[in-house]
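This is the structure I have questions about; it appears just below.
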Amino acid sequence: MAITEHERPLQSGGGSLVTTCGRRMSVRCLRLAPADRPIGRVTLDVGRDRGGEPGVWAALTADEARELARLLLQHADLAEQG
């Protein structure tokens, strides 16, 4: 899907975009700091579409986020090649 809008990164280290189907996709860093071991995750929130259909979200480890980014870039290249 083509991206119709980019927003500047948020102060929380995140950012979002709106796809042509109207879904706002937001990426942020989630940090939990329990005393014994801090936890960090990359969150992906795919919001409601124009028709109000609910979205989904995921919390990924840094390695999972990198793998998702690699797959997205790989498939974006394939889509552009036709």
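The values are calculated or read from the model by the stated rules, or taken from the named source; none is laboratory data. Computed from a prediction, not measured in an experiment: that's the story for all the values here. A quick note on method: Cβ atoms are made from the backbone with ideal geometry, for glycine too, and the neighbour counts reach across all protein chains shown. Side chains included, ligands, DNA and RNA excluded: accessible areas come from the protein's heavy atoms. Shrake-Rupley method; radii C 1.70, N 1.55, O 1.52, S 1.80 Å.
Could you list, in sequence order, all residues of the stretch 58-82 that are more than 14 Å from Cys29 (Cβ to Cβ) and either part of a strand (DSSP E or B) or charged (D, E, K, R) (or both)?
Asp63, Glu67, Arg70, Asp77, Glu80, listed by residue number.
Within the set of pairs 6 or more residues apart or between chains, which connect a residue that is closer than 19 Å to Arg66 by Cβ and touching a residue at least 12 places away in the same chain (Cβ under 8 Å) inside the stretch 19-41 to a residue that is open to solvent by 50 Å² or more (accessible area, probe 1.4 Å) and assigned to a loop (DSSP other than H, G, I, E, B) with Cβ atoms less than 6 Å apart?
As it stands, the answer is Arg28/Ser12; Cys29/Gly13, since those pairs meet every condition given.
When the stretch 1-24 is examined, which residues are found to be open to solvent by 60 Å² or more (accessible area, probe 1.4 Å), modelled with pLDDT of 90 or more and out of contact with any Ser or Thr (no Cβ under 6 Å at 6 or more places or on another chain)?
None - no residue of the stretch 1-24 is open to solvent by 60 Å² or more (accessible area, probe 1.4 Å), modelled with pLDDT of 90 or more and out of contact with any Ser or Thr (no Cβ under 6 Å at 6 or more places or on another chain), so the list stays empty.
Out of everything in the stretch 46-67 that is among the charged types (D, E, K, R) and either modelled with pLDDT under 95 or touching an Asp or Glu at 6+ places or on another chain (Cβ under 9 Å) (or both), what residue ends up being surrounded by the most Cβ atoms within 10 Å (Cβ to Cβ)? Don't jump to the end; show me each part of the working.
Let us first name the residues in the stretch 46-67 that are among the charged types (D, E, K, R), namely 48-50, 53, 63-64, 66-67.
Cutting the leftovers down to either modelled with pLDDT under 95 or touching an Asp or Glu at 6+ places or on another chain (Cβ under 9 Å) (or both) gives us 48-50, 53.
Numbers: Arg48: 12, Asp49: 14, Arg50: 9, Glu53: 11.
So, considering only residues that are among the charged types (D, E, K, R) and either modelled with pLDDT under 95 or touching an Asp or Glu at 6+ places or on another chain (Cβ under 9 Å) (or both), the one surrounded by the most Cβ atoms within 10 Å (Cβ to Cβ) is Asp49.
If you don't mind, another one. What is the number of the single condition among (1) in a loop (DSSP other than H, G, I, E, B); (2) modelled with pLDDT of 85 or more; (3) aliphatic (A, V, I, L, M) that Val27 does not meet?
(1)
Do any residues in the stretch 58-82 that are within 20 Å of Pro38 (Cα to Cα) have Cβ atoms under 8 Å from those of residues that are modelled with pLDDT of 95 or more and of a type in the set (Asp, Glu), where the two are at least six apart or on different chains, and which pairs are they?
Taking only residues 6 or more apart or on different chains, not a single pair turns up.
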